[in-house]
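J.: Mind looking over this structure? Questions follow.
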Amino acid sequence: MPPKTSPSMRRSRPPVTRRLALAAAAVAVVAAAPLHALAAQEWPNKPLRIIVPYTPGGSSDIIARAISPMLSEALKQPVIVENKPGASGNMGADQTAKATDGYTVMLCDVSALAISPSLYTKLAFDPSKDLKGVAMLAYSPHMLVVHPSVPANTLKELVELSKKSKIDFAVTAMGSAPHLAGFQVASLTGAKWEYIPYKGGSQAVTDTIAGQTQVLMNGMLATLPFVQSGKLKVIGVSKATRVPLLPNVPTLAEQGATGFESGTWQGILAPASMPPAVINKLSAELIRIIRSPEIRARLASQGAEVYTMNPAEMDAFFNKERKNWAAVVAKSGIKLD
């Protein structure tokens, strides 16, 4: 005979059909949950890769390596910084856009990326469709610097010198924000110089220090240390107001480039396929880290400002920059394959 059960036991154990129904309902709830929500709960469970689409030593590289230890600690996973230079940053951007592993993002000059659609006749990816903003991190103005041997201490003197002597302008990458900023300064002042292209800011800086090129426009974060050491001489900064670290250095706008302002905007972007919940989770950690007193002080000492934006704000910024730079590119007449 089957074992007897008490009334209380019979009441506490639902009939088989009911248990099956409850199990089915639980499965249905999980199945109905958005995949991106489930992905955010599980993410991260392996290393995160940050692609820097430029050579080591530039502004993006400096920031990537500054935040990676704290980001690794927050995510409890290794954070690997990989430099993937080429095609003015487009090779690394293309690789990021096509990544499907959910663990690949890119840290770059967002303005430079916004220039690409207008500048390149052939682009293997669409920045506005294939990449999504994660977090804006920092801003630093451009600095116009020269080799110490150049006999000019002001923008006016440099412009006059350029009309009499051959001057090579080191371009961190063809079509980059510093390149177009140099073009704008020349347009506003009548300066004449020859653009010498490089694959990244660090080599452009190195050659200007060596005297192989005479003039350079580059982000303050990567350039200020060489000005402070006397290896480069600053002509002006491209900010609307003077920089606290260099109170005696006038802006380029003060010196005749009326209304001119430019700089590098460092931010993190992800493939459009990355789930929104994961992007939001990563964005919150990045903004918390970049705002930390340690990182803020470190960047400020090198002339960079912590300037944060969330994913929606960053996408809006990118679209605005894309339109603004399209007008500059059209005026310049520069087109690249």
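J.: Count the net charge of all other residues whose Cβ sits under 12 Å from the Cβ of Ser238, scoring Lys and Arg as +1 and Asp and Glu as -1.
T.: Surrounding charge for Ser238 is 0.
J.: Given labels modelled 7 Å from the Cα in the Cβ direction, how far is it in nm from Lys76 to Ala300?
T.: Computed distance between label sites Lys76 and Ala300 equals 3.3 nm.
J.: Relative contact order of segment 87-227: what whole-number percent is it, with Cα pairs under 8 angstrom and at least 6 residues apart?
T.: After rounding, I find 29 percent.
J.: Additional query: Holding the Cα-Cα limit at 19 Å, pick out from Lys46/Lys281; Lys233/Lys331; Lys156/Lys231 the pairs that are longer than that.
T.: Beyond 19 Å: Lys233/Lys331; Lys156/Lys231.
J.: Let me ask you something else. Highest first, please rank the peptides 159-167, 100-108, 248-256 by the mean number of other Cβ atoms sitting within 10 Å of their residues.
T.: The packing order, highest mean first, is 100-108, 248-256, 159-167.
J.: Right, here's the next one. How much length is gained on full extension from Lys156 to Thr241, taking 0.36 nm per residue of separation minus their Cα-Cα distance?
T.: 28.7 nm
J.: Moving on to the next point. Residues with amide H under 5 Å of Ala138's amide H, sequence separation 5 or more or different chain, H placed in the peptide plane at 1.01 Å from N; which?
T.: Gln266, Tyr307
J.: Helix 155-164: angle to the longest alpha-carbon principal axis of the chain, degrees 0 to 90, nearest 10?
T.: 60 degrees
J.: Given 25 °C and 0.890 mPa s, how large is the Stokes-Einstein diffusion coefficient of the chain in µm²/s, with Rh as the Kirkwood radius over Cα pairs?
T.: Estimated diffusion coefficient is 112 µm²/s.
J.: How large is the convex hull of the C-alpha atoms of segment 147-264 per residue, in Å³?
T.: So the per-residue Cα hull volume is 92 Å³.
J.: Cross-chain or 8 or more residues apart, Cα under 17 Å: how many lysine pairs in segment 67-136 fit that? Count them up, please.
T.: Qualifying lysine pairs in segment 67-136: 4.
J.: Could you sort 231-242, 116-127 so that the peptide with the highest average Cβ count within 10 Å comes first and the rest follow in order?
T.: Going from most to least packed, we get 231-242, 116-127.
J.: Rank-order 169-176, 309-316 by packing density, defined as the average count of other C-beta atoms within 10 Å over each peptide's residues, highest first.
T.: 169-176, 309-316
J.: Also, quick follow-up: Residues in segment 304-323, backbone N under 16 Å from the label point at Ser187 (7 Å along the Cα-to-beta-carbon vector): list them, ranges by number please.
T.: Once the point is set 7 Å along Cα→Cβ of Ser187, 321-323 turn out to lie under 16 Å by backbone N, inside segment 304-323.
J.: If I model a spin label at Gln228 and Tyr307 as a point 7 Å from the Cα along the Cα→Cβ vector, what separation in nanometres do I get?
T.: 2.1 nm
J.: Continuing with this model, one more query. What is the Cα centroid distance between segment 210-274 and segment 153-167, reported in whole angstrom?
T.: Segment 210-274 and segment 153-167 have Cα centres separated by 19 Å.
J.: Out of all DSSP beta bridges with both ends in the chain, state the antiparallel percent to the nearest 5.
T.: Restricted to the chain, the bridges split so that about 60 percent are antiparallel.
J.: Tell me which residues come under 5 Å, amide H to amide H, from Ser292 once H is placed; ignore anything under 5 positions away on its chain.
T.: none
J.: Now, a different point. Compute the label zone of Ser273 within segment 50-87: residues whose backbone N is under 18 Å from the point 7 Å along Cα-to-Cβ.
T.: Counting backbone N atoms under 18 Å from the label point, the list is 50-51.
Since every read-out is calculated from the coordinates, none of them should be taken as a lab result. Just so it is clear, the model here is predicted, and its values are computed rather than measured. Every residue, glycine as well, gets a Cβ built from its backbone with ideal geometry; the counts of neighbours run over all protein chains shown.
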